[in-house]
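Below is one structure, written out as structure tokens; the observations come after it.
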Amino acid sequence: MNNDQDASSPQWNDSGWRMLHVPHDWSIESDFSDTFPATPGGGALPGGNGWYRKTFKLAEEDQGKIIYIDFDGVYCKSKVWINGHLLGFRPNGYVSFRYDLTPYLHFDDRENTLVVQADNSQQPNSRWYSGSGIYRNVWLVKTSPVHVDHWGTYITTPEITRSQAGVQIETVVRNMGVTNHIEIVTTILDREGKIVTRTKGTKEIRNLTAEKIVQSLSISNPVLWDLREPYLYTAVTELKSNGELMDRYETPFGIRWFHWDEQTGFYLNGQATKILGVCLHHDLGCLGAAVNTRAIERQLEIMKEMGVNAIRTSHNPPAPELLDLCDHMGLLVQDETFDMWRKRKSPYDYAQYFDEWHERDLTDQLLRDRNHPSIFMWSIGNEVLEQWTHADADTLSLAEANLILNAGHSIDPALLEDTTRTVQSMITQSLAAIVKRMDTTRVVTAGNNEVSPGNHLFRSGALDVYGFNYHHQDFAPFPQTFPGKKLHISESTSGLMTRGYYEMPSDHMYIRPDSWDKPFDLPIHMCSAYDNCHVPWGSTHEVTWNEVKKFPFVSGLFVWTGFDYLGEPTPFGWPSRSSFFGIVDLAGFPKDIYYMYQSEWTDKPVLHVFPHWNWKEGETVDIWAYYNQADEVELFLNGVSLGSQSKTDSTFHVWWRTEFVPGTLKAVSRKNGKEVMVKEIRTAGEAASLVLTADRQTLSADGTDLAFITVDVVDQQGNIVPYADQLIRFSVEGNGFIAGTDNGDQNDSRSLKAPERNAFFGKALVVVQNTGEAGMIRLTATAEGLPSGSLDITVK
């Protein structure tokens, strides 16, 4: 139900409601429109007020257990009821939370009714697409009255050498039964499940209390978690009473250490490591905000193939699945909490709840996430308006005073020079103090787009590492401007690109819009896929990377963004509805700049030549090439050499300008005169067929696993037809269904759940999901005037 009625009562008649699976995002099911209150900046999709109801029975043997419901995230302003009892309210749509159902449950033949309301009706409340509803996973947890508390373990490795690692485990045990002497046994397992070490102790846990138990162990010859070998151990916590097992709780963790140096940057396990990162929003393209592990994994695989080693969770707590995947795949994570504090950026955003909820939300994020070895930074804010030197003065309210007291922080007299500095520095100090109270092993940072010493976040002294957003011209003077401070580039570049679209001359820079606060429009809402188009506050990918690469004290960068995302279609308004910032488009197809990073950030041989070779006869065309492991590239047009080109220390591509003649472009990279790689691009003829290619041919029969199928429109020789835009219709037989379709076009207003999609510059995507039963899936694609194409996928 998507209206304002109250459906919380167990007696509510939901017989006419639709059945669905969670995670679920109702907004993504709509066509795009500029009439929705979210605006194109919020994705041009509907919000609303949604209700979910689930009935279930519990067995009599469950009586005496403690039963919780855990939500990984509900967008937004959620309320939860069990059997008519309101359990609570959480306004933040990104935080995870738990409720105790036990006092209100039926353990007989009566059904229990769980009701969730997600109220996303006040819009705009986000600067990007948020999604709506129970868009992350939900877990029913049954345990004994004596159990490890929610997110109840905290594992640190205070001493690490190559021969030995000390491991400290803090375990919070909750007793909701009778006072008991509890034996706590902690076993550490290696990756193969073999016992590495074990310890045990006892403690009296009084009824209706939670007690912390600290244990120390040692691991000989530890295998360190790093980017190439993300080795994970598992701590198994067992609680016993009179020999009876009461609870068993597993905590994966890694052994590694970090070091930051103001002159030479970031170190992982003692090795200097440049942070090669991207910012990612939480949506999954045509799947919307609904979490799917395989979809997240695919995004991370594409990023790692490019050479990425770090992810920034822009700008809120991520899904737990992303952190689990980064742990296993060897990706560092900057875990970010807030996009705004008390000063709002959208009319109905989180600022209205910040004073009341920030401590609870930040604390819950820290408790949930702090055992992940992939996390190496906590970010307490992104471009918060409190940063600015000229920010309006606030009066010191009771809320701010309590902020200090709750964080156990004393007021620095130096901050009392004026009210503005006091309030804004206090907030920064308080948030940092909350982090340090929960975790002392990682640095605190924030993304700042004011990079002067007057920035109130810098003045607070609470940030361990300064985060610069953009301002590449200010990297070089940083050591003089901020002596003794550490720097990373928390957000950079904001290049604008449409995959497959090129504006020439390529050595002309297109800056759009003219100013951040001015509207901008063009007859065609597309941006050049040469690296020659960016926003006025940003720069090209090559310029930014050159500045980061040449200064050792710059720890690294996070490019805005790894993928296009729904919403924020800068520099355009409607009909644009998704971003142009991505290195990869919304469908997951790399733009050309992807290969510049791959040539710089990986050891794999790269030679990428673009654009396509279908132009008007006699038209002047610029040809670019990204390459590595070679010292020159020679280009041939129909067998005639156009000359050899080499990169300089500060450039990352070579290029040629020539008149278009149909035929074949051939690029040859050479090292010391020896051929390294060869790439050819041919003029494509008329569209002749559809070629379907799946990222995987076999799926797990779990009801969630996905196959991402690329559809290329090709000519008779198999060349992609670069301007092909045929409407392609999809159908499925067997044990699967179409979860979404896409093409990377930022202006396509058709629902991303539609079983049809126009090709965009010769390509389209269809995502197939299994039904949970083993068997086969046959996908068929048809387009007018072309033979149909089919693909079989096995489900095991």
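The mean sequence distance of close C-alpha pairs (under 8 Å, at least 6 residues apart), as a share of the length of the chain, puts its relative contact order at 10 percent. Taking 302, 375 and ordering them by how much accessible surface each has at a 1.4 Å probe, largest first, produces 302, 375.
Counting protein heavy atoms only, segment 553-658 has 48 percent of its accessible area on carbon and sulfur, 1.4 angstrom probe. Magnitude of the charge dipole for the chain, about its Cα centre and with charges confined to Cβ atoms of Lys, Arg (+1) and Asp, Glu (-1), is about 1260 debye. Approximating the spin labels as points 7 Å out from Cα along Cα→Cβ, the residue 168-to-residue 199 distance works out to 1.0 nm. Think of segment 453-581 as a dipole: +1 on every Lys or Arg Cβ, -1 on every Asp or Glu Cβ, centred on the Cα centre; then among 573, 480, 461, 461 lies furthest on the positive end.
Restricting the trypsin sites (Lys or Arg not before Pro) of segment 106-213 to loop positions (DSSP other than H, G, I, E, B) with no more than 14 neighbouring Cβ atoms within 10 Å leaves 110, 162, 191, 194, 206. Ligands, DNA and RNA left out, the accessible area of segment 18-145 computed with a 1.4 Å probe is 51% carbon and sulfur. The magnitude of the dipole of segment 479-551, with charges of +1 and -1 set on the Cβ of Lys/Arg and Asp/Glu and taken from the Cα centre, is near 400 debye. Under a model in which nothing but the beta-carbon of Lys, Arg (+1) and Asp, Glu (-1) is charged, segment 118-213 shows a dipole of about 140 debye around its Cα centre. In the chain, the ratio of gyration radius to Kirkwood radius, Rg to Rh, stands at 0.97 when only Cα atoms are counted. Since only 449, 782, 214 are under comparison, the one whose Cα sits farthest along the positive direction of the charge dipole of the chain, derived from C-beta charges on Lys, Arg, Asp and Glu, is 214.
In segment 140-296, the alpha-carbon atoms span a convex hull of 171 Å³ per residue.
Phi angles across segment 110-122 convert, under the Karplus curve 6.51 cos²θ - 1.76 cosθ + 1.60 with θ = phi - 60°, into 3J(HN,Hα) values of 6, 7, 9, 10, 9, 10, 10, 10, 10, 10, 10, 8, 7 Hz, Gly and Pro given as x.
On the basis of the beta-carbon distance and an R0 of 25 Å, residue 672 and residue 267 show a calculated FRET efficiency of 0.15. Considering only 765, 330, 609, and ranking their Cα positions along the charge dipole of the chain that arises from unit charges at the beta-carbon of Lys, Arg, Asp and Glu, the one farthest toward the positive end is 330. Here r is the Cβ-Cβ distance between residue 11 and residue 750 and R0 is 41 Å; the resulting FRET efficiency, rounded to 0.05, is 0.55.
Per residue, the solvent-accessible area of segment 19-126 (1.4 Å probe, heavy atoms of protein chains only, all protein chains present) comes to 38 Å². In the chain, the DSSP beta bridges split such that about 80 percent are antiparallel, to the nearest 5. Applied to segment 195-205, the Karplus parametrisation 6.51 cos²θ - 1.76 cosθ + 1.60 on θ = phi - 60° returns per-residue 3J(HN,Hα) values of 5, 9, 7, 8, 8, 8, x, 10, 7, 7, 10 Hz, with x for Gly and Pro. Model label sites at residue 206 and residue 485, defined 7 Å from Cα along the beta-carbon direction, differ in position by 4.7 nm.
Applying 0.36 nm per residue to the separation of residue 344 and residue 537 and subtracting their alpha-carbon distance, the gain on full extension is 67.4 nm. Separation of the alpha carbons by more than 28 angstrom is noted, of 79/343; 304/343; 304/647; 345/753; 57/194, for 304/343; 345/753; 57/194. The slack in the chain from residue 617 to residue 305, taken as 0.36 nm per residue of separation less the alpha-carbon distance, amounts to 108.7 nm. Counting only protein heavy atoms and a 1.4 Å probe, segment 595-701 has 47 square angstrom of accessible area per residue.
Compared with the dominant principal axis of the Cα atoms in the chain, helix 320-329 is inclined by about 60°.
The values are calculated or read from the model by the stated rules, or taken from the named source; none is laboratory data. These numbers come from a predicted model, not from an experiment. Quick reminder, even Gly has a Cβ in these numbers, built from the backbone with ideal geometry, and neighbours come from all protein chains shown. For the accessible areas, the whole protein counts, side chains as well, though only heavy atoms, and no ligand, DNA or RNA atoms are used. Shrake-Rupley method; radii C 1.70, N 1.55, O 1.52, S 1.80 Å.
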